[in-house]
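Have a look at the structure below before the remarks.
Quick note: the coordinates plus some simple rules give every number you see, no bench work behind them. Predicted, not measured: the structure shown is a model, and the values here were computed from it.
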Amino acid sequence: MKNKPGFILLESLITLVISVTIILTLSYCVAEQFKIINNWEARVSAHKVMLLHLNNKNISDVITIDGKEYKFSQVKGRMKVESGGKYFYAQTSP
């Protein structure tokens with residue numbers, strides 16, 4: 001089999017394109033997973049604030065957990081926690 005000039009260059013370029021595509025895809029997937037994890041972390045912390053208020057009424061309505069501020073409010077049995085523009089709700093039983 002004869003090697004033709006430019007074949008190795010073409011093969012190298014195709015390999016580079018495939019490698020860059022894989023790296024970009026993995027970077028995107030990891031970033032999306034971190035968004036999901038951060039959302040779940042905020043949700044768990046908001047529910048923690050709600051549980052703290054159910055157990056003890058003398059807790060401040062503004063609590064800082066891991067550097068994030070959570071604001072608690074309760075109206076007619078409906079609890080609401082706001083953090084970073086996201087709202088988390090829960091209903092208390094009568």
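Within the stretch 33-80, the residues that satisfy the criterion of being assigned to a loop (DSSP other than H, G, I, E, B) and not basic (Lys, Arg) are Asn56, Asn58, Ile59, Ser60, Asp61, Asp66, Gly67, Gly77.
Among the numbered conditions (1) under 26 Å from Gly85 (Cα atoms); (2) of a type outside the set (Lys, Arg); (3) not in a loop (DSSP other than H, G, I, E, B), the only one that Ile22 does not meet is (1).
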